[in-house]
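Below is one structure; the comments refer to it alone.
The values are calculated or read from the model by the stated rules, or taken from the named source; none is laboratory data. Model, not experiment: these values are computed from the prediction. No Cβ is skipped: glycine too gets one built from the backbone with ideal geometry, and neighbour counts run over all protein chains shown. Ligands, DNA and RNA are stripped out before the accessible areas are found, and what is left, the full protein with its side chains, is counted by its heavy atoms. Shrake-Rupley method; radii C 1.70, N 1.55, O 1.52, S 1.80 Å.
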Amino acid sequence: STPNIDRLANEGVRLSQHLAAASMCTPSRAAFLTGRYPIRSGTASPSNLNRDFAWLGGSGGLPINETTFAKLLQHRGYRTGLIGKWHLGLNCASRDDHCYHPLNHGFDYFYGMPLGLLSDCQAAQTPELHRSLRVKLWISTAVLGLLPLLLMVPRFARWFSVPWKVIFILALIVFLFFMAWYSSYGFVRRWNCILMRNHEIVQQPIKEEKVSSLMLKEALAFMERYKREPFLLWFSLLHVHTPLITREKFVRHSKYGLYGDNVEEMDWMVGKILDALDQNHATNRTLVYFTSDNGAWLESWAGVAQAGGWNGVYKALTSLGEKKKQKQGRWHLWLRGRAPATPTKTRVVDIYYLLSYNLGGFVCLCEGVIDGRNLMPLLEGRVSHSDHEFLFHYCGIHLHTVRWHQKDCATVWKAHYVTPKFSPEGSGACYGQGMCSCSGEVTYHDPPLLFDIARDPSEALPLSPDNEVLFDSVIKKIEVAIKDHRRTLTPVPQQLSAFSTIWKPWLQPCCGTFPFCGCDKELDIVPTAL
């Protein structure tokens with residue numbers, strides 16, 4: 001039951017084919033803020049391990065030379081705030097430089113989690129971060145730890161004498177190996193799950209049962225402070241993401257288990273934001289945009305219950321593996337008086353163009369190509385199709401899929417050059433791995449798989465030259481578009497490289513004296529007026 005989100009759909013525009021730029025948080029959020037494909041900003045991953053930022057103590061982030069829509073609106077006199085999840089990096093060279101901080105990307109105020117919510121943030125939950133790698137590290141440590149013990153057997157059995165020095169050195173190597181990885185993975189909750197107000201850490205680790213209430217309070221306070229001025233508020237919720245932290249009031253509130261409870265709590269929070277607009281008489285002059293940065297995580301389960309949502313008729317092929325890119329009925333633009341939109345293809349990158357062009361009167365092209373398109377003619381009902389003709393879907397830095405929406409008809413072609421290898425086979429997800437791969441464990445298609453998703457949204461009927469007379473001409477047209485697109489790409493530093501994403505102790509944010517980090521300053525803060 002989502003009456004408040006339904007209100008957005010009923011009174012505004014529902015974008016039923018609104019696509020994320022990636023199937024993971026970091027690259028999708030980078031594209032949302034900049035209006036550019038993640039590969040252009042270096043936030044697309046070259047590996048399967050680090051598809052988004054895994055550590056607050058890493059050195060990667062959204063490059064400061066990228067122009068976000070928050071910067072554009074800030075220059076136009078808007079008060080800009082981000083409440084909630086950031087997940088686009090923090091430090092470059094020291095734990096306090098905050099080079100990638102939201103305040104350096106156009107936001108005047110930040111309150112929230114600089115990384116994001118993980119199941120590791122709840123002590124009782126099964127670890128989420130690099131779970132399979134951690135299992136391998138534990139096994140390797142146990143095997144190596146047996147070696148010094150085995151070397152002692154022949155000594156005590158008096159078969160032959162192994163020098164104590166050799167045994168001690170080997171034991172020391174095993175200990176150092178263990179400490180090298182356990183110093184990071186053994187303290188994920190303390191290192192990653194922190195709460196900040198601007199540049200100050202106010203909780204380390206977070207009190208997960210209170211964090212959503214604190215963020216809602218801050219969002220409402222921000223709106224109250226600037227109700228007489230133009231403002232941009234990005235309220236980046238932690239909901240419908242494992243570990244599905246839900247206040248007691250909403251537990252067993254829905255008939256769909258904990259995931260349903262979490263959705264209904266999210267809807268209640270959306271209602272509080274809409275109520276605040278109504279009370280401040282700001283509803284008719286405010287654009288409300290409700291979206292997800294990606295779709296369901298099919299491989300996430302809590303016991304026998306699915307904890308990561310569901311994708312309906314859409315195959316995981318759409319999501320390049322584990323997270324779907326379109327979720328019908330959950331992307332909304334609410335601007336009263338606008339005509340309902342047709343289900344044409346739009347993207348989260350379009351919001352940059354929409355805000356910069358229509359509110360600022362220009363589009364900043366100073367940092368390169370903008371991939372978004374202006375949605376306003378579509379929202380006003382003056383056109384029935386967006387300006388997007390070709391849409392390119394990446395999994396990390398690998399181009400997997402291309403869509404072609406022909407301008408002169410309703411046909412939408414979708415060509416898959418790479419698809420994941422589901423495990424078990426035919427299951428529609430990668431349950432054996434916990435997340436589908438972008439490279440390696442994938443299938444390459446030559447010629448590509450082709451679907452007409454206007455007629456076949458579930459991608460059940462692959463086309464071929466035998467059953468589609470236009471097959472060859474469509475593939476040729478798409479391949480020309482790919483060549484044109486690749487000519488617009490320029491080399492940039494890889495923010496998700498192994499070196500940029502590895503945990504670095506000297507970059508770890510710390511409240512207190514490292515490594516004894518920990519605080520809860522929220523207890524001493526007087527609540528802001530609502």
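Name the residues whose placed amide hydrogens come within less than 5 Å of the amide hydrogen of Ser423, ignoring near sequence neighbours (fewer than 5 apart) on the same chain.
Ala429, Cys430, Tyr431, Gly432
Among Pro462, Gln508, Ile475, which residue has its Cα furthest toward the positive end of the charge dipole of the range 436-530, with +1 on Lys/Arg Cβ and -1 on Asp/Glu Cβ?
Checked the options; the winner is Gln508.
Under a point spin-label approximation (7 Å from Cα along Cα-to-Cβ), what is the Ser132-Ala410 distance to one decimal in nm?
4.1 nm
Ignoring trypsin sites (Lys or Arg not before Pro) that are buried or in helix or strand per DSSP, and keeping those with at most 12 other beta carbon atoms within 10 Å, what is the longest stretch of the chain between them?
1-157
Can you give me the long-range amide H partners of Thr80? Hydrogens built in the peptide plane at 1.01 Å from N, cutoff under 5 Å, separation of 5 or more residues or another chain.
Amide H neighbours of Thr80: Asp108, Tyr109, Leu232.
Which loop-located GluC sites (Glu not before Pro) does the range 161-262 contain, where loop means any DSSP state but H, G, I, E or B and the Cβ has at most 15 other Cβ atoms within 10 Å?
Counting only loop positions with at most 15 other Cβ atoms within 10 Å, the GluC sites (Glu not before Pro) in the range 161-262 are Glu209.
Using a 7 Å offset from Cα along Cα-Cβ at Trp301, what residues in the range 435-466 end up with backbone N under 19 Å from the label point?
Flagged as within label range: 435-437.
What whole-number value in Å² describes the accessible area per residue of the chain for a 1.4 Å probe?
Computed with neighbouring chains in place, this is 44 Å² per residue.
I'd like to know which of Leu117, Ser41, Leu103 lies farthest towards the positive end of the charge dipole of the range 36-137, counting +1 on Cβ of Lys and Arg and -1 on Cβ of Asp and Glu.
Checked the options; the winner is Ser41.
If you compute P(r) over Cα pairs in 20 Å bins from 0, in percent for the structure shown, which of [x] 20, 54, 21, 4, 0; [y] 18, 46, 31, 5, 0; [z] 19, 47, 25, 8, 1 do you land on?
Given [x] 20, 54, 21, 4, 0; [y] 18, 46, 31, 5, 0; [z] 19, 47, 25, 8, 1, the calculated one carries the label [x].
Report the extension gain between His485 and His199 in nm, rounded to one decimal, defined as 0.36 nm multiplied by the number of residues separating them, less their alpha carbon distance.
Working it through step by step, the gained length comes to 99.1 nm.
Rounding to the nearest 20 debye, state how big the charge dipole of the range 426-493 is about its Cα centre with +1 on each Lys and Arg Cβ and -1 on each Asp and Glu Cβ.
So the magnitude is around 360 debye.
Only Cα pairs under 8 Å and at least 6 apart count here; give the relative contact order of the chain as a rounded whole percent.
25 percent
Which residues among the range 66-98 fall inside the zone where the amide N is under 19 Å from a point 7 Å beyond the Cα of Gln279, along Cα→Cβ?
83
What FRET efficiency, computed as 1/(1 + (r/R0)^6) with R0 = 25 Å and r the Cβ-Cβ distance, is obtained for Thr291 and Arg228, rounded to the nearest 0.05?
0.35
As an exercise, use a Förster radius of 25 Å and the Cβ-Cβ distance of Glu380 and His75 to find the FRET efficiency, rounded to the nearest 0.05.
The computed FRET efficiency comes out at 0.45.
Report the relative contact order of the range 56-119, percent, no decimals, based on alpha-carbon pairs under 8 angstrom and at least 6 residues apart.
41 percent.
Describe numerically, in nm with one decimal, the distance between label points set 7 Å from Cα along Cα→Cβ at Glu248 and at Ala142.
Here the answer is 3.8 nm between the modelled labels.
Summing +1 for each Lys or Arg and -1 for each Asp or Glu, what net charge is found among the other residues whose Cβ lies under 15 Å from the Cβ of Gly257?
-1
Using the crude model of +1 on Lys and Arg Cβ and -1 on Asp and Glu Cβ, and no other charge, please compute the dipole size for the chain relative to its Cα centre, in debye to 20.
600 debye
Per residue of the chain, what 222 nm ellipticity follows from adding -39500 (n - 2.57) for every DSSP H run with n ≥ 4, rounded to the nearest 500?
Estimated from H runs of four or more residues: -9000 deg cm²/dmol.
Exposed loop chymotrypsin sites (Phe, Trp or Tyr not before Pro) only (DSSP loop, at most 10 other Cβ atoms within 10 Å): please give the longest stretch of the chain free of them, not including the sites.
Longest gap between qualifying sites, sites excluded: 161-361.
Please report the antiparallel percentage of the DSSP beta bridges confined to the chain, to the nearest 5.
Of the beta bridges lying entirely in the chain, close to 75 percent run antiparallel.
Using each residue's phi in the range 91-99, evaluate 6.51 cos²θ - 1.76 cosθ + 1.60 at θ = phi - 60° and report the 3J(HN,Hα) Karplus result to the nearest Hz, with x for Gly and Pro.
With the stated coefficients, the range 91-99 comes to 10, 10, 10, 8, 6, 10, 7, 6, 5 Hz.
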